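Engineer: Take a look at this one; I'll ask things after.
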Amino acid sequence: MTASAVRARVVRQVREQGPVAARVLVVAAVAWQVTLWAGARHPPVYAVFAPLMALRSDPFTSMTAVLMRILGVLAGVALGLSLVTLLSPSFAALVVLLALALFLGLFVGPGNAFNPQIGLSSLLVLSNPTPDAYGLARVWETAMGGLVTIVLAPLLWPPNPRRELESLARDCAERLTAALAASVTVLGDPAAARANRVLVEAEAERLAAFRDRAAEAQRAMRFNPLRRRDRGRVAELAGHLAVVAGSAQYAALLAVEADALSGRGAAVSPGRTALPSVVDATGRTVSALLAGADPAGPADEARRLLDAYRRADPQPTAVALRRPFLKLLDTCVP
């Protein structure tokens, strides 16, 4: 890797992740000082621990997720304090503590994600020579740090779901179009069509997961006052992205049909000629929908091209190759 490439990578990382680091630094510093003002007798490192664990670089992180991570810290301390009063530090205590902490982590977490913070906090309580004092200090200091995090996080370099969602939408449109084009390209080549089917089916699963990301973006807007003006656009874009991601199944269907029909030789030859222009018009339809433009024009063009293909080749083979495009277009532009 050349020096210019390294420099470009460093600049890109600083530009993308620098605000995240600055956000954590400012919140941690404020949490430290506020906890000292509140009467901390020792350096309040546990107040700093809250923003370090709760604030992430995920642009779709909601305040609910931040709150659940903070609750994980408090739950771990409570669990650790409860067990150390019943069991002395030992192998048995470690196993019981971790089992309970991991079980609780299945439920006290952001969304469906596992929360490891409960186990970490409870282990720190168990490892301290005076766990009672340690745990009590950690509880109130963490609560103070969590409170500062909840107040300041929405105001300091908050996530930008609109920008990230627009980037995700462009990626979705490009991937879907590429998947359709790949299946058309391999028509008539059985080995290539078989390999393409595996790749496109995997890509369709990845695209279907974009629906979850769209829902996360909408949740991230709930406690994001500085991005309030973007709520309408985020809601619209998330809805369109969910629709397009759901239509990825038809790209997989086209790959299945291409695999099944590629051994028929001349029967798919008209499709190799007619379908590239259909792929182009369909791709422009998806791109327009996700860009907030009117997709009716390219969608009508794609349907006209499919109708011309139908008149030129009425065979069952052509019907099977047209069907995924028609279903995709009807899903995106009813």
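Please treat every number below as a calculation from the coordinates, not as lab data. All figures in this text were calculated on a predicted structure; none of them were measured in a lab. Note that each Cβ is placed from the backbone with ideal geometry, even for glycine, and that neighbours are counted across all protein chains shown.
Engineer: Kindly express, to the nearest 10 degrees and within the range 0 to 90, the angle between helix 45-54's C-alpha long axis and the longest C-alpha principal axis of the chain.
Structural biologist: 10 degrees
Engineer: What do you get for the angle between helix 117-127 and the principal long axis of the chain? Use alpha-carbon atoms, 0 to 90 degrees, nearest ten.
Structural biologist: Taking Cα atoms only, the helix is inclined about 30 degrees.
Engineer: Charges on Cβ only, +1 for Lys and Arg, -1 for Asp and Glu, centred on the Cα centroid of the chain; of P270, V319, M144, which one is farthest towards the dipole's positive end?
Structural biologist: M144
Engineer: Another question, if that's okay. For the chain, what is the mean residue ellipticity at 222 nm derived from helices alone (per DSSP H run of n ≥ 4: -39500 (n - 2.57); sum divided by total residues; nearest 500 deg cm²/dmol)? Show your work: numbers first, answer last.
Structural biologist: Details: 14 runs with 257 residues, N = 334.
Estimated from H runs of four or more residues: -26000 deg cm²/dmol.
Engineer: Placing +1 on the Cβ of each Lys and Arg and -1 on the Cβ of each Asp and Glu in the chain, which of V14, V279, V198 has its Cα farthest towards the positive end of the resulting dipole?
Structural biologist: The listed residue farthest towards the positive side: V14.
Engineer: Mind checking the angle between helix 161-185 and the chain's longest principal axis? C-alpha axes, 0 to 90 degrees, to the nearest 10.
Structural biologist: The helix 161-185 is inclined about 40 degrees to the chain.
Engineer: Of the labelled options [x] 1.00; [y] 1.35; [z] 1.09, which one gives Cα Rg over 2.2 N^0.38 Å as computed for this structure?
Structural biologist: Derived directly from the coordinates: [y].
Engineer: A further question on this structure: State to the nearest 20 debye the size of the charge dipole of the chain about its Cα centre, where the only charges are +1 on K and R beta carbons and -1 on D and E beta carbons.
Structural biologist: 520 debye
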